[in-house]
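See below for the structure under consideration.
Readers should treat all values here as calculations from the given coordinates under stated rules, not as data from a laboratory. What you see is a predicted model; the values in this text were computed from it and never measured.
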Amino acid sequence: MHLIALVAISLWVFQTLSQAVRAEPIFPAPNRPVAEIISAEYSDEKTRDLHQEAERVMDRLGIKPGVRVADVGAGRGYYTVRLAARLGTDTIIYATDVNANHLKELQVRLKREGIGGVRLVLGSPNDPKLPPAVIDVAILSHVYHEIDNPYEFMYRLHRSLAPGARVGIVDVDRPTDLHGTPPGLLRCELGSLGYRETAFQSLKPADGYLAVFVPPEKLPLVESLRPCNM
């Protein structure tokens with residue numbers, strides 16, 4: 001009798017685990033190269049500030065006190081520290097990165113510069129690991145082309161976006177293996193998930209462009225996703 005019960009329990013456990021594995025969605029891989037992460041920063045901050053990159057991006061995204069912002073792929077914190085200067089200490093800023101060493105460097109920088117109100121989050125290559133419904137604006141600066149699977153990453157970012165949220169992507173118009181993202185490719189990949197572009201502008205004399213998207217109310221089924229052919 002005990003043997004029969006043991007077999008029954010084993011079968012139940014096996015079936016339960018099998019269902020759990022089957023329940024995990026399988027996202028399509030991007031049909032283009034993914035760039036390697038080679039640095040914690042895009043270029044030197046002095047040059048970027050000279051071209052007013054962060055100020056113009058924050059202005060266009062309506063960054064002001066009370067707005068909850070995530071610096072996705074924060075690296076050494078170019079946007080994080082400038083967001084903190086604009087938002088003050090009453091607003092929480094989430095700085096997420098897949099590299100623990102980058103976050104340690106950023107933590108040291110924040111302490112050195114006396115900046116509080118920043119929550120550091122160690123994400124994974126396909127999930128920023130942000131809390132649910134806490135982000136009004138997510139900024140991805142020169143990082144989109146380095147995301148292993150943009151379909152899965154942006155799908156999982158969606159749960160952290162609050163109603164009325166916006167996603168600002170800063171990148172350069174060149175192939176992904178040359179550390180850029182052609183705007184047409186960006187629109188196709190995000191559009192397949194239901195994200196809708198609401199603004200696009202060149203950042204000259206700074207490098208690249210800013211593309212602004214609003215997330216869908218409801219994401220499509222993962223099984224319906226097809227990789228973009230660009």
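What the table below lists for this structure:
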quantity	calculated
With eigenvalues of the C-alpha gyration tensor scaled by 5 and rooted, the range 35-224, Å	23, 19, 17
For the range 55-157, projected area of the alpha-carbon convex hull averaged over all directions, nm²	6.0
Potential extension, Asn31-Thr198 segment - 0.36 nm per residue separation minus Cα distance	57.6 nm
Overall form of the range 156-230 per C-alpha gyration tensor (a/c, 1.5; a/b vs b/c)	oblate
Reachable lysines from Lys204, criterion Cα separation under 24 angstrom, eight or more residues apart if same chain	Lys46, Lys64
Mean Cα-pair separation over length for the chain, i.e. relative contact order, pairs under 8 Å, 6 or more apart, %	20
